[in-house]
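Worksheet: the structure to be examined is printed underneath.
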Amino acid sequence: MPDKIALTVNQFGGYGSLSRTPCSLELGLIASICLRLGTLFLFLGSPSPSYAAQLLFKSSFEGSLLLGEPYECGTSCWQDIKGSDEVTGYSWPPQIWQGVGTLQLLADTPVTPDTVSTYVFNELRRVVGPHGQQTSVLYSEIRKRGGGATQTPYQLRPSSTALQENLYVSYWIKLQPDLLERLGPNSWWVLFEWKTNAQHRLITYIYTDRLNKPYWHLKTDDLSGGVTRSFWEIANRTAPVPIGEWFKFEFFWHRSSQHDGRAWQAINGQVVFDRFGPLLGGNDPIDRIMLTQVYAGGTLPLYQWVDDIEIWDGFPCGNGVPCGTKLTIPQ
């Protein structure tokens, strides 16, 4: 039976996509027209340059990358990843929204370039990666707490005057095998977050319950006052939380003060969160994106490995990468 071609449009990126359904018309002439229209749609259905998501940065940590020495230390230091990724061709640091990127070694106590590694530590290492082969990755660890805020994020710092639109990030990550023993019941691990000039925050966690079972938690809150005030928070206690194995983390957001705001997260291609509604909209630019993060409760040491970072200005459509039209909209 001949096929009929249908064209759909992604509401978040304007992508054309094609689907085939049985053509119920039996007349040979109309069936022929159906097939000819399919050929036309195949030509017209390719992503438009005006709407297709653009890749802003990609790195597998391969090539002549170097980790610089810590500098500008106080209660934290900065540390740069330098060089060009020979696999992807992109150079470090990512320049997102006219900004820069660097590792923050936040000891939360006075440190120097020589002493900061006592508290937090980063290194480019060769390990067996997410695809079962030797690869270079970013290894990050908290070794000792200087205070309650000890952490080591890779921090993107966009310009507050740049146009800040949608953003999608993904990477492969592996958490230490004994993480649950280190966290214990009723504890937390931060996977990803960003903050605005006004100290409004989006943050996604792995929480553990009273039985030490891990689950996902996403929230937005206000840190500008003496007491943290939550705007909204949601939990997913059914989606798996991979521990001690590589998994793909994806996050997309569209900021808005209206109902079209969106916060979307997937793990290994499974949608964990897809919340529509107000998302920290208004004239309050993001000034810090913690692209990767080691920040948690529990006992030390705490560590992770990260590989294959990608940053896009919208939902990409590709092999193994979800597209906006395929996502489940919560009721």
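The values are calculated or read from the model by the stated rules, or taken from the named source; none is laboratory data. As the structure is a prediction and not an experimental result, all values here were calculated from the model. No Cβ is skipped: glycine too gets one built from the backbone with ideal geometry, and neighbour counts run over all protein chains shown. These area figures cover heavy atoms from the full protein model, side chains too; ligands, DNA and RNA do not enter into them. Shrake-Rupley method; radii C 1.70, N 1.55, O 1.52, S 1.80 Å.
I'd like the carbon and sulfur percentage of the solvent accessible area for the stretch 82-199, probe radius 1.4 Å, heavy atoms only, ligands and nucleic acids excluded.
Details: 2300 of 5010 Å².
Roughly 46 percent, rounded to a whole number.
Viscosity 1.002 mPa s, temperature 20 °C: give me the Stokes-Einstein translational D for the stretch 128-240 in µm²/s, with Rh taken as the Kirkwood radius over C-alpha pairs.
128
With 18 Å as the cut-off, how large is the P(r) tail for the stretch 220-306, expressed as percent of Cα-Cα pairs?
On the way: 2227 of 3741 pairs.
Looking at the stretch 220-306, the distances longer than 18 Å represent 60 percent of pairs.
Quick one: if the Förster radius is 45 Å, what FRET efficiency do Thr228 and Ser91 give, using the C-beta to C-beta distance and rounding to 0.05?
Numbers: r = 37 Å, r/R0 = 0.83.
Efficiency computed from Cβ-Cβ geometry: 0.75.
Using a 1.4 Å probe, how large is the accessible area of Glu62, given in Å² and rounded to the nearest 10?
Rounded to the nearest 10, that gives 40 Å².
For the stretch 121-255, what is the accessible area per residue in Å², given a 1.4 Å probe and the full set of protein chains? Don't skip to the end; give the middle numbers.
On the way: 5600 Å² over 135 residues.
Computed with neighbouring chains in place, this is 42 Å² per residue.
Sort His254, His259, His131 from largest to smallest accessible area, using a 1.4 Å probe on the heavy atoms of the protein chains.
Sorted by accessible area, descending: His259, His131, His254.
Taking 0.36 nm per residue of separation and subtracting the Cα-Cα distance, what length does fully extending Arg143 through Glu181 add?
12.1 nm
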